[in-house]
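S.K.: Here it is, the structure, as structure tokens.
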Amino acid sequence: MKNIINKIPIPISGLMLALASLGNLVGAYSQGLRYIFGSISAIILITLVLKLAMMPRSYMEGFSNPVIGCILATIPMGLMILSTYIIPVAQIAAYWIWMAALALNAVIILVFTKKHVLSFDIKKVFPSYFVLYVGIAVGSVTAPAYGMNSLGKVIFWYALAAYIAWFPIVTYRILRYRELPDQIKPVVVIYAAPGSLLLAGYLSVFQDKSVNVVLIIGVWAFIMTLFGVSKMPKLLKMPFYPSCSAFTFPFVISAMAFSSMTGFLRTSGYAVVFLEPINILMVAWAFIMVFFVLIRFSIFLLNETALTPYMEKRRRQ
């Protein structure tokens, strides 16, 4: 058991977040599918919690890595979304889980900032910074479920400011220092996430929505999603790395945000029939990427857990 938990890579938390989000995306069509995805996400979360309990040093070491340190934020992000699953049966518990996840996300931001940003090195800046500093906008998306719209608005404005601040810095690093190790290259797809997450947060938490604001954020988010998709042909030819979890949540949140935007524009009196095929394609692509990464992670973990005892036996001989 300990060997299996030891082999669980921390970046699988990105897949956990994507599965929880995908469950909410399909919830309007099938509650059964929603709970299937949510259950798989919860199982992954449990393994990550067990890893923390059994091997806390692995998480401490993760903070030393600027990519893993950022990806740690996907754990409280996923927990915020998973908390909404239990509202019908345990509303008070769900609320406190959500608040604890939000606080944990803030703590991770502070610890990472102290460790990496205060001793700034542009070569150690990666698109995963968006996960850390903008990802807390998941709090805006989920805040209405707890009647915390005011807090959700504060989180949205913080996340928007963080995105505006970090986008040029991250982009400068990617353009100026193009070399990226193969195991880090998948994180470039994260560019697709923050714009869509902000759009989803805005549509969720604000009652008086501006069509102009929705269109501005929506167009930008769509452009960034296309950028992420454009990187996939080369990335899919690479060997599988745990960082490939970056192929999941950015496309799921893009599909969610685009679907929400389409619904908002429709209720606002705009003809959006031409957007429906795009919406379907985005949802289908998100499904494909999540299933692809889920299968690849399963194969990866089976190989890791099966090969370790074999290699140990060979060393004894």
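The values are calculated or read from the model by the stated rules, or taken from the named source; none is laboratory data. Source: prediction; values computed, not measured. Positions of Cβ are backbone-derived with ideal geometry, glycine not excepted, and every protein chain shown enters the neighbour counts.
S.K.: So which residues in the range 231-243 are among the hydrophobic types (A, V, I, L, M, F, W, C), touching a residue at least 60 places away in the same chain (Cβ under 8 Å) and in a helix (DSSP H, G or I), if there are any at all?
M.R.: Result: no residue meets the conditions.
S.K.: I need a count of the residues in the range 156-203 that are without any contact (Cβ under 8 Å) to a residue 40 or more places away in the chain and of a type in the set (Asp, Glu).
M.R.: Number of matching residues: 1.
Residue-wise test of (1) under 28 Å from LYS7 (Cβ atoms); (2) touching a His at 6+ places or on another chain (Cβ under 8 Å); (3) charged (D, E, K, R); (4) assigned to a loop (DSSP other than H, G, I, E, B).
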| position | (1), (2), (3), (4) |
| --- | --- |
| VAL214 | no, no, no, no |
| LEU226 | no, no, no, no |
| PHE264 | no, no, no, no |
| GLY269 | no, no, no, yes |
| ASN279 | no, no, no, no |
| PHE287 | yes, no, no, no |
| ILE295 | yes, no, no, no |
| LEU302 | yes, no, no, no |
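S.K.: Just the residues that are in a loop (DSSP other than H, G, I, E, B) and either modelled with pLDDT of 95 or more or farther than 21 Å from TYR129 by Cβ (or both), please, taken from the range 34-71.
M.R.: The one that is in a loop (DSSP other than H, G, I, E, B) and either modelled with pLDDT of 95 or more or farther than 21 Å from TYR129 by Cβ (or both): MET55.
S.K.: Follow-up. Could you check the range 128-196 for helices (runs of 4 or more DSSP H) lying wholly inside it with 2 or more residues that are hydroxyl-bearing (Ser, Thr, Tyr), buried (at least 22 other Cβ atoms within 10 Å of the Cβ) and more than 13 Å from the chain's Cα centre (by Cα)? Give the derivation first.
M.R.: Details: elements: 128-134, 138-142, 149-176.
Passing ranges, in order: 138-142.
S.K.: So in the range 83-106, with the set limited to residues that are among the aliphatic types (A, V, I, L, M) and in contact with a Ser or Thr (Cβ under 6 Å, 6 or more places away or on another chain), which one is surrounded by the fewest Cβ atoms within 10 Å (Cβ to Cβ)? Give the derivation first.
M.R.: As a first pass, look at the range 83-106 and keep what is among the aliphatic types (A, V, I, L, M): 86-87, 89-90, 92-94, 97, 99-104, 106.
Within this subset, residues satisfying the condition of being in contact with a Ser or Thr (Cβ under 6 Å, 6 or more places away or on another chain) are 94, 97.
Details: ALA94: 20, ILE97: 18.
So, considering only residues that are among the aliphatic types (A, V, I, L, M) and in contact with a Ser or Thr (Cβ under 6 Å, 6 or more places away or on another chain), the one surrounded by the fewest Cβ atoms within 10 Å (Cβ to Cβ) is ILE97.
S.K.: Counting only residues that are surrounded by 21 or more Cβ atoms within 10 Å (Cβ to Cβ) and among the small types (Gly, Ala, Ser), which one in the range 205-225 is nearest to TYR270 (Cα to Cα)?
M.R.: Only one residue tops the list, namely GLY218.
S.K.: If you go through the range 8-33 one residue at a time, how many are of a type outside the set (A, V, I, L, M, F, W, C), free of Cβ contacts under 8 Å to residues at least 40 places away in the same chain and in contact with a Gly (Cβ under 8 Å, 6 or more places away or on another chain)?
M.R.: 0
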